[in-house]
């Protein structure tokens, strides 16, 4: 086991980074000899935890040596919510932390939730658009676990999962997109309707049932049965690139409006000087600033800086970094201070 020493992946920008913030590959797996998590006893949950931990830590490799284990039962609410804000776990995973554990890579690019909706939910995340590379990592990790564990698998249905919508590959791939121009134009409802017809969905930044904040949207596949992983990734990448091009074209038209250009510069001014920042206001301001940076209006701020700011200024993560447990007013002061610190040279 290792302590967190590597630079977190979300502090960098990647391919198509003006629109694509991040990519995630998630695989759902269950152990053949145990019931699905909804029917597990506490003793069985603990046994599943032990077997998954052993599969990682008793199998030394360049990858497994970088993992650390987080006992979810020992975490407080602030630390747990911070994991959700950094997209390391699902909101459902922290709703009841009893009998659950997390295996986390040192740069936070890989997380393995144990005893979520399925026995194993492994996630691989990275900056920008990199579906194939992240799938390769997920596949290597899947093989490593498969060598030590026996997964529930059916010749016709594929990997067996608690929710039937994940049967087959058990893979959900998603791309986080910044779409302020398409949102402003009112095009997204029409786009979302078209995507559902081809087995894709677009949602808020935290996935199902979440609202978009800061014009951040998650594009992902819905079909996992009767479609290979490679085909699903190819379809997702093709649609993602179409949205990237549509967003870029819409930005050109949007920024011809002097009011929008003015709002970009005003956003930078407020973020650099504010002494209090409410969460919703912050997301709107950083979204506009990101638009200005991506379009070349503002040169002194990098997308790397903005990726880091967007994560570290989230409520629970902010409190976790500052060791503060105070209320909303204190968080707003801390958020403004942290943003000023990260923009200090601008």
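None of the figures in this text is laboratory data; all of them are computed from the coordinates on show. Not measured: the values here are computed from a predicted model. Reconstructed Cβ throughout: ideal geometry from the backbone, glycine too, with neighbour counts over all protein chains shown.
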- prompt: Between residue 165 and residue 322, what is the label-to-label distance in nm when each label sits 7 Å out along the Cα-to-Cβ direction?
  reply: 3.7 nm
- line: Taking a crude spin-label model, label points 7 Å out from Cα along the C-beta direction, the residue 252 to residue 146 distance in nm is 4.5 nm
- request: May I ask you to list the residues of region 40-72 whose amide nitrogen lies under 15 Å from a point 7 Å from Cα along the Cα→beta-carbon direction of residue 96?
  value: 40-46
query: Okay, helix-only estimate at 222 nm for the chain: each DSSP H run of n ≥ 4 adds -39500 (n - 2.57), divide by all residues, round to 500 deg cm²/dmol; what do you get?
result: -14000 deg cm²/dmol
query: What angle do you read, to the nearest 10 degrees and between 0 and 90, between the alpha-carbon axis of helix 303-312 and the longest principal axis of the chain?
result: 60 degrees
query: Taking the Cα centre of each part, how many Å lie between region 83-133 and region 221-249?
result: 22 Å
- prompt: Rounded if a/c is under 1.5, else prolate if a/b beats b/c, else oblate: with a ≥ b ≥ c from the C-alpha gyration tensor eigenvalues square-rooted, which is region 1-135?
  reply: prolate
field: Three-way shape call for region 1-68 based on the alpha-carbon gyration tensor, with the a/c threshold at 1.5
entry: oblate
task: Would you kindly calculate the translational diffusion coefficient of region 226-324, applying Stokes-Einstein with the Kirkwood radius from alpha carbon pairs, for 37 °C and a viscosity of 0.692 mPa s, and quote it in µm² s⁻¹ without decimals?
output: 208 µm²/s
query: How much FRET efficiency would the formula 1/(1 + (r/R0)^6) give for residue 272 and residue 139, where r is the Cβ-Cβ distance and R0 is 45 Å, rounded to 0.05?
result: 0.55
- line: Checked region 36-81 with the C-alpha gyration tensor, a ≥ b ≥ c its square-rooted eigenvalues, rounded below a/c of 1.5, otherwise prolate if a/b is larger than b/c and oblate if not; verdict oblate
message: Sort 288-297, 43-52 by the packing proxy (mean of other Cβ within 10 Å over each peptide's residues), most packed first.
response: 288-297, 43-52
query: Any idea how far apart residue 74 and residue 261 come out in nm if each label point goes 7 Å out from Cα toward Cβ?
result: 5.6 nm
At R0 = 25 Å, FRET efficiency that the Cβ-Cβ distance of residue 132 and residue 225 yields, to 0.05: 0.70
- request: Please give the length that would be gained between residue 297 and residue 7 if that part of the chain were fully extended, namely 0.36 nm times their separation in residues minus their C-alpha to C-alpha distance (nm, one decimal).
  value: 101.6 nm
message: With Kirkwood's inverse mean 1/r over C-alpha pairs for Rh, give me the Rg to Rh ratio of the chain, two decimals please.
response: 0.98
query: For the chain, modelled as a GNM with alpha-carbon contacts under 10 angstrom, which of 287, 139, 13 fluctuates the most?
result: 139
